[in-house]
Every structure is written in structure tokens, then in C-alpha cells.
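Below: one structure, written as C-alpha cells.
The values are calculated or read from the model by the stated rules, or taken from the named source; none is laboratory data. The structure displayed is predicted, hence computed values, not measured ones. Cβ placement follows ideal geometry from the backbone for every residue including glycine, while neighbour counts extend to all protein chains displayed.
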């Protein structure tokens, strides 16, 4: 969601050539008591960058008082290779502006902000369930159906089921010791050679990457308490697992790479 | 898909338990309860063969059930042998080193040969005494 207080149009990069997002803006902040700022929605795809800048860029002037202008700005960004990082866009633009201005004095402040989406496009499916065992198993079946429709091979689906079962059962059993009703969200994003899953719950902070490896003696019947196995299985089987704790949520990013040679 | 269970005694001290379907946090209780009723019928020193041919999926909850069977049999001088685990089950066993490999058999022939050997050892042991 974007709103602008009289700024130059932001530029969307990485979706073909640079695109000016020329949506209506409101008045400069602080001028009027009842200003209105129209909202503009934009969904960044993976590798796309949203570039915002002050008019110190477009009004940067050379010795002959020619302004850099928006056309040169777009032209400069068009020279950045696709899927560049936010640094790449900023360095290119500032470099080009510097060369244009040369020895002339800077007229205005220059601020550039570039936001790049490194995650995936949210083109997959989202499931929201209560933190109850029966709901977890309902969700596992639905995930399996969705992945089957997406053409994910059976062996990978079975791996994913195991990882998701272990993680969600763990959340249900230990995430809400006070008995409050919790929510688990599962975002499935099947891609040509990998399935990305985001697992988000509002239970107690728990980083599954943190517990030490269980002591595996070669015989589970030797052990008094058999804990930590599920998390160990999940960690071993997922191709990648990344944990972040947001304000009230555990956020796990899981990747399941297709077995070699089976990419569709 | 849910869990399927049935068993037969091939001799008074040898029972085969067929576990099929999915053994997970939703279904492991069924296996635990069935074993609670069945295992006391197996005499001291007896053998439980858990036939996994029909088991498509196991999670850590199911591993814990297998561990309980083996613990309970061991406490009474008995044996627990696992027969014919399928790929997903084998993979999970391997990752957590769930059971000694010497107690997992890929075919009935292999299992029978092992049981014959065990039988001979007991018989020879008896004749030595």
C-alpha cells in the first residue's frame, strides 16, 4: 500500500523495463489540516524493486541549469540488469546523477529508498487453521491435494507431509500452554523445482533450529523420554529452514527441493 | 487414509501384527491400545513381528509407539522384529536410527531364516545344558 504527499512517482523495476507508478498524490505534508492521500496498492513479485526518491534526483542540475529529470532517471534504471539488488539500483542512479551534475553544486537533498522483494510471489495457496490436532490433519490432507494438483512428486509430498505434521503437532502441543485458541497459517507456493512453504503461528516463541540434535543411540526403546525426534526429522528432511520471530508470530520459511531429475 | 491393524498368532508364542495406512500423531493411539490388549497374550520370551508392508507413512508419534512395543517385549524377555518397511518408513527409521538394523527384515524369507537360526541356537543351547 502506497500513498504519496506530493512526491515524484515511485518507479517499479524488474518487471520488464522501469515503470513509473503515476498514481494521484496528496498535498505536501503539513500544509493543510484536512489533506487526503489516495492509497495505491502494489504487489511486488520476487526480484522486483520499488524505487522511491526525493526531487533532489530529478531536479539535480548541471552547470547549464539543465535538470536531470524523470526521463533520465528512468533511462538510468533501465540500464540495471534484471533481478539486481536494491544496492544495484541505488548505486547506478546516484552514479548517473553525479556524472550529470559534474562539478555543479547540489541544489536539494537527495534521498533514495529501494525496496526489493526477495521472497516469492504469493501465487500459492493459503490455509488458516485453529491450533487443534484435528485441524492440523485436515490441513495436511488439503496440502497434499493442492500439491498433487500442482504436479509435485509423491515422494516430495510425503516428505512435506512429515515435516509439516511434526512442526504443527509440536505447535499445537507446546505453543499454547495457557490453553488459549491459536491460529496456524500455511502458505504453499509450488514452483518448478522447489516448493516453498511458510508456516506462521501465534504461539510461544519457538525456533526449531535451536534445540540440539537428540542423542540417537540406535535404539529408541533404550530411551526414557523420546523427545525432539519430530523436530530432528523436520530439520533433516526440509531442504532449508529459516526462522524469524515477528511481533507475535513464529515465522518459518521452508523449502523443499525436487529430488534430482524430477523437476517438472 | 487412516490406520489399519490386524494380527494373527502363527504359533502360541509368535504373533504377527500387520500395520497399514498412516501411523501418525492422529492414529498412534489406536496402535498403542491394540498392543496394550495384545502383548500380554504373548508369553514370556515370545516374538512380535510387526509387518510394515502396508504402512505408507510414519511420523515421530508412530516411532514412539514402536519403541513402546519393543520396550514392553524386552521387559518380558521377548523380541520385536520389523518386517518389510516401505521407502518412507525406511527413510524415517534411518534418520532417527529408530531400531537396531539387525531387527529389521526386508522379506519374509529373511525373517524366517533369522527365526530358524534363533531356534537352532536355543535348541543347541538346551542340548549343551
Check your understanding: Can you name every residue in the range A:247-262 that is in contact (Cβ under 8 Å) with a residue 12 or more places away in the chain and more than 24 Å from residue B:63 (Cβ to Cβ)?
Key -> A:248, A:249, A:250, A:251, A:253, A:255, A:257, A:258, A:262
Review point. Consider residue A:170 against the criteria (1) under 23 Å from the mean Cα position of the chain (by Cα); (2) closer than 30 Å to residue B:67 by Cβ: it satisfies all of them except one. Which criterion is unmet?
Key: (1)
Review point. Touching a helix residue (DSSP H, G or I) at 6+ places or on another chain (Cβ under 6 Å) and either within 14 Å of chain A (Cβ to nearest Cβ) or exposed (fewer than 15 other Cβ atoms within 10 Å of the Cβ) (or both) - does that describe any residue in the range B:114-122?
Key: no
Practice item. Take residue A:223 and decide whether it is at the interface with chain B (Cβ under 8 Å from one of its Cβ atoms), surrounded by fewer than 18 Cβ atoms within 10 Å (Cβ to Cβ) and at pLDDT below 95. Key: yes
Practice item. Just give me the residues in the range A:138-162 being within 13 Å of another protein chain (Cβ to nearest Cβ) and in contact (Cβ under 8 Å) with a residue 12 or more places away in the chain, in sequence order. Key: A:139, A:140, A:144, A:153, A:155, A:156, A:157, A:159, A:160, A:161, A:162
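State whether the residues of the range A:30-37 include one that is in contact (Cβ under 8 Å) with a residue 12 or more places away in the chain and more than 30 Å from residue A:189 (Cα to Cα).
Checked the range A:30-37: at least one residue is in contact (Cβ under 8 Å) with a residue 12 or more places away in the chain and more than 30 Å from residue A:189 (Cα to Cα).
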Practice item. Please enumerate the residues belonging to the range A:79-101 that are at pLDDT below 90 and not in a helix (DSSP H, G or I). Key: A:81, A:82, A:83, A:84, A:85
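A quick yes/no check of all residues on (1) assigned to a helix (DSSP H, G or I); (2) within 22 Å of residue A:169 (Cβ to Cβ); (3) without any contact (Cβ under 8 Å) to a residue 12 or more places away in the chain:
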position: B:21; (1), (2), (3): no, yes, no
position: B:29; (1), (2), (3): yes, yes, yes
position: B:34; (1), (2), (3): yes, yes, no
position: B:39; (1), (2), (3): yes, no, no
position: B:74; (1), (2), (3): yes, no, yes
position: B:81; (1), (2), (3): no, no, no
Practice item. Could you tell me whether any residue of the range A:46-66 is within 22 Å of residue A:15 (Cβ to Cβ), assigned by TED's automatic domain parsing to the domain that holds residue A:24, under 21 Å from the mean Cα position of the chain (by Cα) and surrounded by fewer than 15 Cβ atoms within 10 Å (Cβ to Cβ)? Key: no
Check your understanding: Out of the residues in the range B:101-111 that are in a helix (DSSP H, G or I) and in contact (Cβ under 8 Å) with a residue 12 or more places away in the chain, which is surrounded by the most Cβ atoms within 10 Å (Cβ to Cβ)?
Key -> B:111
Check your understanding: Has the range B:83-100 got at least one residue that is away from chain A (no Cβ under 14 Å), on the phi > 0 side of the Ramachandran plot, crowded, with 17+ Cβ neighbours inside 10 Å and in contact with a helix residue (DSSP H, G or I) (Cβ under 9 Å, 6 or more places away or on another chain)?
Key -> yes
Review point. Out of the range B:38-82, which residues are crowded, with 16+ Cβ neighbours inside 10 Å, farther than 14 Å from residue B:3 by Cβ and facing another protein chain (nearest Cβ under 10 Å)?
Key: B:60, B:63, B:64, B:67, B:68, B:69, B:70, B:71, B:72, B:73, B:80
**Study point:** Check on residue B:67, under 12 Å from the mean Cα position of the chain (by Cα) and either at pLDDT 95 or above or closer than 22 Å to residue A:228 by Cβ (or both)
**Key:** yes
